[in-house]
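Visitor: Sharing a structure below in structure tokens format, with a few things to ask.
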Amino acid sequence: MTVKQVSTTPFDDQRPGTSGLRKKVPEFKQLHYLENFVQSIFNAMGNPSGQTLVLGGDGRHYNREALAIIIRMAAANGFARLLVGCDGILSTPAASCVVRKYQAAGAIILSASHNPGGPSGDFGVKFNGANGGPATQEVTDRIFAESQRISAYRIAEAETIDLGRIGVSELNGTRIEVIDPVVDYVELMSSLFDFDRLSELLRKPDFRMCFDAMYAVTGPYAVDILEQRLGAEPGTVIRGEPLEDFGGGHPDPNLVHARELVALMNSEGGRTDFGAASDGDGDRNMVMGRGFYINPCDSVAVLAAHARSVPGYRAGLAGVARSMPTSRALDRVADELHIPCFETPTGWKYFGNLMDAERITLCGEESFGTGSSHVREKDGLWAVLFWLNIMADLNKPAHEIVRDHWQRFGRDYFTRHDYEGIDSSSAEQLMGRLAERLPTLAGHKVAGLAVATADDFHYQDPVDGSTATGQGVRVHFANGARVVYRLSGTGTSGATLRVYADLHVQMASMLNAAPQSVLKPVLAAADELAGIRTLTGRDKPDVVT
């Protein structure tokens, strides 16, 4: 076996976003493209001698081929040990778990999260650091800098490692361990949750749940925990086999893309008490009661309010955090618990700093992401188990728990409107015009609502002092309503404009209204203020959550 040094030249489009580098599969298959980016990661890490690296992905198209290349490159670059998920499978939260348990230097996770897969679909490469969380801005900047000056990459000439068999092999002095991708994660979950209580709940003859794995990575984890260990009825997990194209679907756990689950939960006379779904790489979740959708903003607030119901959190919460666009429901729980609540930019790495400093225990994003300090990623199946543990402890259905929460704290009506694949220049023009108007908006009326304050959100990390600017335009109205505008960085073509609206309501008579109805005046103001229809040519969003 020999190690080759292959000459190459930089690609100018390899700047990682908040979730790594995401492109279409054909782009990653370009000559040298994947290799350049991976070598840039290794260069940014420094000396890999003696280090352990975790590898895996969500099983989408090109996952196995890319892993074979990365394994040969890691061996050529001198890593001492590779921990690779069997069949190339390793969910994002499980990868974080493995990094932390085995004190690895980091992980390369192959996923484009909730984006579609297949030969012409999306692919992604993300680097997580030694804490198990997404690379910091400093590290991603370093990776990009390396990608712009790269002149060669190292790769071992060797036969492809069999990823379908658990075991140990060696390549160029590197120990390669193909591991069961589920075992370490299940061990961690059993240390946090009362599996005996969960088993009692799931074995009740009058309780039924459905977990939609969306043909994505969480399927094997959910089958192992829910059906095999906790005794849920076989078939509780639907679409549980990871497929390279996610069965032709869109592995995004929301009301649009989890249609089968939503129809089941909303069917008249249905007997399914609790429903849940997870996304492509297993870090997001949607939860539903019978005929009852639970907004992610409410979900993280309910988990925080009832954290002491769960064994792993009975000592209480050090603090909580939410991304800026997420509704302020979590803030109200924090106030009552007398713990800090941090408002951060979108991106899990900001939560990671707070967790590492033991400033927070629980956190969440409106984009169906919830998590805690057990790992350094959002964790879809963990959130589902948390809900089940609360339901078992309170002996109440999910919808009743949420309604009790509204009675106690009031309801933060929330919606997000996504305008996908719009012209990038139009999107930039829209955000630029908004930014120009911010200093003069206070006191003006928009669609009948008076503007109280308006700004472009910036964040100073309380742990390391770093700053993040341009994180989204916020407009607060005098009636307490809020609108947020952001351009998403998770797509691979065009631009996605996200518009968020929320309003807190305390009156009991208003707690069960339809969110789109309650927020209609706020959304009208959002459209008029930004000129969405005019600048994007869209008269309605592609996805409403």
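Visitor: So what's the convex hull volume per residue for the Cα atoms of the stretch 162-274, in Å³?
Guide: 134
Visitor: Might you report the magnitude of the Cβ-based charge dipole of the stretch 424-545 about its Cα centre, with Lys and Arg at +1 and Asp and Glu at -1, to the nearest 20 debye?
Guide: Dipole size: approximately 380 debye.
Visitor: Restricting to Cα pairs below 8 Å that are 6+ residues apart, what does the relative contact order work out to for the chain? Please round to a whole percent. Intermediate values should be presented prior to the final figure.
Guide: Working: 1240 pairs, mean separation 71.2, N = 545.
Across the chain, relative contact order equals 13 percent.
Visitor: Cα convex hull of the stretch 1-129: mean projected area in nm², to one decimal?
Guide: Averaged projected hull area, Cα only: 7.8 nm².
Visitor: Just how many pairs of Lys in the chain have C-alpha atoms closer than 20 Å, counting pairs that are eight or more places apart or on different chains?
Guide: Here the count comes out as 13.
Visitor: Looking only at the stretch 260-344, where both bridge partners belong to it, what percent of the DSSP beta bridges are antiparallel (to the nearest 5)? List each step's numbers first, then the result.
Guide: Working: 8 of 12 bridges.
Here the antiparallel bridges make up roughly 65 percent for the stretch 260-344.
Visitor: Got a sec? Charge dipole of the stretch 362-412, +1 on Cβ for Lys and Arg, -1 for Asp and Glu; which of ALA392, GLY371, GLN407 is way out at the positive end?
Guide: After comparing all options, I get GLN407.
Visitor: Using only the C-alpha atoms of the chain, find the volume of their convex hull and express it per residue in Å³.
Guide: 143
Visitor: Let's see if you can work this out: charge +1 on each Lys and Arg Cβ, -1 on each Asp and Glu Cβ, no other charges. What is the dipole magnitude of the stretch 395-473 about its Cα centre, in debye to the nearest 20?
Guide: Taking the Cα centre of the stretch 395-473 as origin, the dipole is about 540 debye.
Visitor: Also, quick follow-up: So how do 231-239, 211-219 stack up, highest first, on mean other-Cβ count within 10 Å?
Guide: The packing order, highest mean first, is 211-219, 231-239.
Visitor: Further, regarding this structure: Compute the angle between helix 92-101 and the longest alpha-carbon principal axis of the chain, please, reported from 0 to 90 degrees and rounded to the nearest 10.
Guide: Tilt relative to the chain: about 60 degrees.
Visitor: Still on this model: Quote to one decimal, in nm, the extra length available between HIS338 and ASP542 on full extension: 0.36 nm per residue of separation minus the C-alpha distance between them.
Guide: Result: 69.5 nm gained on full extension.
Visitor: At each listed q (0.12, 0.14 Å⁻¹), what is the log10 of I(q)/I(0) that the Debye formula gives for the stretch 68-154 modelled as equal alpha-carbon point scatterers?
Guide: -0.41, -0.57
Visitor: Lys/Arg Cβ at +1, Asp/Glu Cβ at -1, dipole of the chain taken about the Cα centre: which of ILE150, GLY88, ALA495 is farthest positive-ward?
Guide: Working it through, the farthest residue towards the positive pole turns out to be ALA495.
Visitor: Okay, moving on. Let me see the P(r) profile for the stretch 314-399: every Cα-Cα distance counted, bins of 10 Å, each bin given as a percent of all pairs.
Guide: 18, 49, 31, 3
Every number in this text was worked out from the coordinates using simple rules, so none of it is lab data. What you see is a predicted model; the values in this text were computed from it and never measured. Using ideal geometry, Cβ is built from the backbone for each residue, glycine included, and neighbour counts are taken over all protein chains shown.
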